[in-house]
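Working notes for the structure below.
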Amino acid sequence: MDKNLIQRTISGIVYIAIIILCVTPLGAQLINGISPGLVKQEYLYYGLITFLMIVGAWECVKIMKFGKGYEKWIVLPVVAIIFYMFSKRFFYHDFFFDFRLSEILALSLIAIAVVTLFKYPTELYYDSGKLIFTVIYVALPFSFALGLPKYSSYDSSFSLEVLFLFILIWSSDTFAYLTGKFFGKHKMAPKISPKKTWEGYAGGVILTLVLSYFIEKYQHDLRGNWMVVGFLVASFAPLGDLVESQLKRNFGVKDSGNIIPGHGGVLDRLDSFLICVPVVYLYFILEKFI
């Protein structure tokens, strides 16, 4: 068997296992089974998101090849400050999904950053532009990810929104790849991602909606309607891949990193997650008023 395939398989299994342990009650149950009362599940989730955000921010700095100015050295402090603001809300259970102007502006900035990447890439050749893009592209999505699980100080349970979001992203990518492989003829973005096809995109949306139907039917404790969430994930996950591909293409980089052997870096693995989280978060705001 190809050594690279073995490496990819092992690292992929480890990656998925870490995700599951940190975004479900299984992680705390396992640790507390060894040493009772040692950790709460929200601490494992917070630690995972914090780690991924820090690594992702540093990978973005390397991809964009910052110059020797001060901007390179203040990226992580600025990212940390923004994340800290959301962290306080996370630990004080302050995510109520209301129309807060600050959140709407932050979500709008993510959309503006994506448009800038595709339409005005030269703006990102300046270190100031690189700094702003890194903060928006990495810090804000991971910060919003803290608001996805539904739990409160009155209810110690840790809900599974993030787990099923990952499942939908993984399934969307898989379904789109398989559909495109067997039926794909029309390229979606040949210069950015040559393997993506509109047939694959359609297959990903349809089959992810089928999976979402069963999630909605059997997981009644999740926030929102997961047929809608599934449609949003399947629609926007390919955009996440295109955003990261365009970013690497602009700066002549193949992989964002090598922290996951055989798979690349955090941004390579979580490109869809970075776009889907803000979209799903916005849906959770809107669904309260629908």
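General remarks:
- Enumeration of residues in region 198-212 that are of a type in the set (Phe, Trp, Tyr) and buried (at least 19 other Cβ atoms within 10 Å of the Cβ): 201
- Boolean, residue 215 is surrounded by 22 or more Cβ atoms within 10 Å (Cβ to Cβ), under 23 Å from residue 146 (Cβ atoms) and of a type in the set (A, V, I, L, M, F, W, C): no
- Restricting region 20-39 to residues that are part of a helix (DSSP H, G or I) and touching a helix residue (DSSP H, G or I) at 6+ places or on another chain (Cβ under 6 Å), the residue that is surrounded by the fewest Cβ atoms within 10 Å (Cβ to Cβ) is 21.
- Only one of the listed residues (130, 62, 119) is out of contact with any Phe, Trp or Tyr (no Cβ under 9 Å at 6 or more places or on another chain) and in contact (Cβ under 8 Å) with a residue 12 or more places away in the chain. That residue is 62.
- Any hit, region 61-71, residues being at pLDDT below 90 and closer than 18 Å to residue 162 by Cβ: no
- Test result for residue 162, crowded, with 20+ Cβ neighbours inside 10 Å, part of a helix (DSSP H, G or I) and either of a type in the set (Lys, Arg) or modelled with pLDDT of 90 or more (or both): yes
- Of the residues making up region 92-108, those that are among the hydrophobic types (A, V, I, L, M, F, W, C) and surrounded by 15 or more Cβ atoms within 10 Å (Cβ to Cβ) are 95, 97, 106, 107.
- Members of region 224-248 found to be within 18 Å of residue 124 (Cβ to Cβ) and under 13 Å from the mean Cα position of the chain (by Cα), listed by number: 239, 240, 243, 244
- Yes/no for residue 12 being of a type outside the set (S, T, N, Q), in contact (Cβ under 8 Å) with a residue 12 or more places away in the chain and in a helix (DSSP H, G or I): yes
- Selection within region 40-57 - surrounded by 15 or more Cβ atoms within 10 Å (Cβ to Cβ), in contact (Cβ under 8 Å) with a residue 24 or more places away in the chain and within 19 Å of the chain's Cα centre (by Cα): 42, 45, 46, 48, 49, 50, 52, 53, 54, 55, 56, 57
- Restricting region 58-78 to residues that are of a type in the set (Lys, Arg) and part of a loop (DSSP other than H, G, I, E, B), the residue that is farthest from the chain's Cα centre (by Cα): 68
- Among the residues of region 63-72, the one identified as loosely packed, with under 15 Cβ neighbours inside 10 Å, on the phi < 0 side of the Ramachandran plot and of a type in the set (Lys, Arg) is 68.
- Selection of first residues in region 238-259 that are without any contact (Cβ under 8 Å) to a residue 12 or more places away in the chain and of second residues that are small (Gly, Ala, Ser) and buried (at least 18 other Cβ atoms within 10 Å of the Cβ), restricted to Cβ pairs under 8 Å at least 6 apart or on distinct chains, gives the following pairs, ordered by first then second residue: 258/264; 258/265.
- Failed item, numbered, when residue 260 is tested on (1) under 22 Å from residue 45 (Cα atoms); (2) in contact with a strand residue (DSSP E or B) (Cβ under 8 Å, 6 or more places away or on another chain): (2)
- Those residues of region 244-275 which are farther than 19 Å from residue 54 by Cα and either touching a Pro at 6+ places or on another chain (Cβ under 6 Å) or buried (at least 20 other Cβ atoms within 10 Å of the Cβ) (or both), in sequence order: 250
The values are calculated or read from the model by the stated rules, or taken from the named source; none is laboratory data. Every value quoted in this text rests on a predicted model; they were computed, and no experiment measured them. All Cβ positions, even for glycine, are placed from backbone atoms using ideal geometry, and neighbour counts span all protein chains on display.
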